[in-house]
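Let me begin by presenting the structure, written as structure tokens, before commenting on it.
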Amino acid sequence: MFYRLTIIFILILSYFNTEAKTDKYRCMWRDDPATTMVVAWNQIGKTEATLYLDTLKHNGDYTMFCHQFKADKKHWFKRMNHHFVRLNNLKPNTVYYFILKDNDSQSEVFSFKTLPDTKDSQLSIIAGGDSRNHRKYRQHANSLVSKLRPDFVMFGGDMTGSDGSTPWKNWLDDWQLTIGKDGRITPIVAARGNHERSNKVIEKIFDSPHKDIYYALNIADGLLRIYTLNSLIAANGNQGKWLEEDLKNHDYPIWKMAQYHYPIRPHTAKKSESYNQQKYWAPLFYKYGMDIAVECDAHVVKTTYPIRPSNEAESDEGFIRDDENGTVFLGEGCWGAPLRRNNDNKKWTRASGSFNQIKWLFINKESIEVRTVKTHNVNEVSQLNDLSKFSMPENIDIWKPESGEVITIVQSQNPIGYQPNSSLKGELAAISLASNHKNGAMKVGIFFLILFIIMMYPAYAVMFKDKLNFSFINNKNN
């Protein structure tokens with residue numbers, strides 16, 4: 001009997017000793033999503049884990065995996081030991097399996113899929129942000145990611161409420177719900193929000209390709225170019241110069257899409273306008289054909305018609321509807337943060353609401369489809385896979401406002417090789433954005449006052465010549 005109990009005890013001890021001493025897994029990109037991937041985790045064990053990689057699963061036998069990698073970068077941050085392996089020279093549109101193994105433990109088998117490298121591809125993307133402090137609703141949205149099986153997630157900031165160590169541990173634990181039951185990890189493209197107290201938060205947790213958290217990713221050989229911008233630093237300056245230069249040098253993508261935290265024109269009265277973004281970014285969006293901008297922060301739901309900067313009679317808050325060349329704005333958060341009232345619609349608002357939601361986009365070279373998905377009934381939604389990810393799962397709750405449940409943007413509006421709109425120079429120069437209305441009016445008034453004084457000066461000089469002794473009035477030079 002004693003022998004049997006000893007064996008059982010050893011087996012139990014062995015079981016707990018082989019549990020993975022790594023956790024908080026996630027994947028990101030620093031470069032071409034077709035040929036690279038960053039795999040990150042929190043190292044709990046004292047010995048450093050090795051990442052074993054292969055295109056075959058090998059029934060979880062890590063000794064059969066063809067490639068081994070140690071962390072390229074590691075640091076202690078938010079009381080976690082972050083490790084990053086930066087994988088390069090991967091095959092496009094390929095599923096890779098990996099295991100993390102250290103001296104004491106082994107993880108389950110995870111996988112990721114590189115993106116395709118051809119414009120003839122189709123992409124599924126989930127976009128949103130503001131998960132903050134309501135974990136239940138954040139978990140709903142995360143679980144929906146695992147069920148919809150997108151190619152990647154665009155997350156517009158405000159992951160936590162306080163930016164502390166414990167909230168970040170909880171957030172990364174909750175992010176594990178985005179992992180499929182088969183171990184598939186969905187990459188995240190992260191932007192900074194105002195609840196991330198510094199740029200280094202995004203840099204150190206998501207291995208951002210730029211320390212100031214603005215960067216671009218070229219996807220599927222130019223089918224799509226994604227711009228991640230930083231609302232928490234100057235909209236002009238280095239960021240503005242980089243944005244204009246990059247847009248100017250990348251006119252070949254079929255579609256362009258931006259994400260950033262602060263909405264330019266929020267759809268709740270509780271939030272102020274982002275005048276600098278309107279002044280420095282919106283004209284560039286129009287000039288270089290930005291198709292979609294995803295905004296967050298306001299904790300309301302909104303979609304707009306295509307709009308461009310304008311001060312014309314039918315414009316509203318510095319924008320006017322332009323179905324041919326305008327940008328569609330989506331937002332504004334609602335991944336789990338406290339909801340606000342949608343009480344600030346514009347003439348060009350397509351629809352607005354107040355509920356927990358994510359945006360789900362299908363993109364190919366002919367069109368973009370945008371749907372707003374309510375996250376409350378995630379447990380009832382059926383599971384998609386790589387083959388069915390462009391179909392509607394059973395019981396999914398797509399928002400159905402009066403303007404329609406699907407926004408379709410047709411590629412012919414912005415043809416391949418979109419050329420900057422040369423006719424914009426005069427128009428944009430004439431546009432005075434709302435933030436400059438008062439200053440502009442004042443400058444015009446001062447100009448006419450000075451002009452009036454100059455024109456009337458000789459008459460007044462003659463009138464007061466005797467009293468003021470303006471002897472120079474008769475001087476021809478004057």
* **Links that overshoot a 24 Å alpha carbon limit, given the list Lys346/Lys400; Lys70/Lys181; Lys287/Lys400; Lys279/Lys400; Lys204/Lys256** => Lys70/Lys181; Lys287/Lys400; Lys279/Lys400; Lys204/Lys256
* Which whole-Hz couplings ³J(HN,Hα) result when phi for each residue of segment 201-215 is put into the Karplus expression 6.51 cos²θ - 1.76 cosθ + 1.60, θ = phi - 60°, listed in order with x for Gly and Pro? -> 4, 5, 4, 7, 8, 10, 6, 4, x, 9, 5, 8, 6, 9, 6
* Interchain or long-range residues, amide H under 5 Å from Met154's placed H -> Ile126, Ala127, Gly128, Val189
* Could you tell me the distance between the Cα centroids of segment 156-170 and segment 250-325, to the nearest Å? => 27
* Can you give me the Cα centroid spacing of segment 183-197 and segment 16-94 in angstrom? -> 17
* **Relative contact order, percent, segment 123-431 [alpha-carbon distance under 8 Å, six or more residues apart]** => 20
* Structure fact -> The simple spin-label model distance between Leu177 and His75, using points 7 Å out along Cα→Cβ, in nm, is 2.9
* To do: Obtain the nm distance between the two label points defined at Lys347 and Cys66 by a simple spin-label model: each point lies 7 Å from its Cα along the Cα-to-C-beta direction.
  => 6.0
* Asked: Ordered by residue, what ³J(HN,Hα) values in Hz, to whole numbers, does segment 347-359 give under the Karplus form 6.51 cos²θ - 1.76 cosθ + 1.60, where θ = phi - 60° and Gly and Pro are x?
  -> 4, 9, 5, 7, 6, 8, x, 8, 6, 6, 7, 9, 9
* Asked: What residues qualify as long-range amide H neighbours of Leu224, i.e. H under 5 Å apart, gap of 5 or more or another chain, H built at 1.01 Å from N?
  -> Ile219, Ile254, Trp255
* **Order by protection proxy (mean Cβ within 10 Å, highest first), peptides 264-271, 120-127, 292-299** => 292-299, 264-271, 120-127
* Asked: Non-local amide H neighbours of Ile320 (under 5 Å, H modeled in plane, Pro and chain starts lacking H): which ones?
  -> Arg308, Ser310
* Asked: Tell me, what HN-Hα J-couplings in whole Hz come from the Karplus equation 6.51 cos²θ - 1.76 cosθ + 1.60 at θ = phi - 60° for each residue of segment 53-62, using x for Gly and Pro?
  -> 10, 6, 8, 10, 7, 6, 6, x, 7, 5
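Laboratory data are not the source of any read-out in this text; all were calculated from the coordinates shown. Just so it is clear, the model here is predicted, and its values are computed rather than measured. Here Cβ is always computed from backbone atoms with ideal geometry, including for glycine, and neighbour counts include all displayed protein chains.
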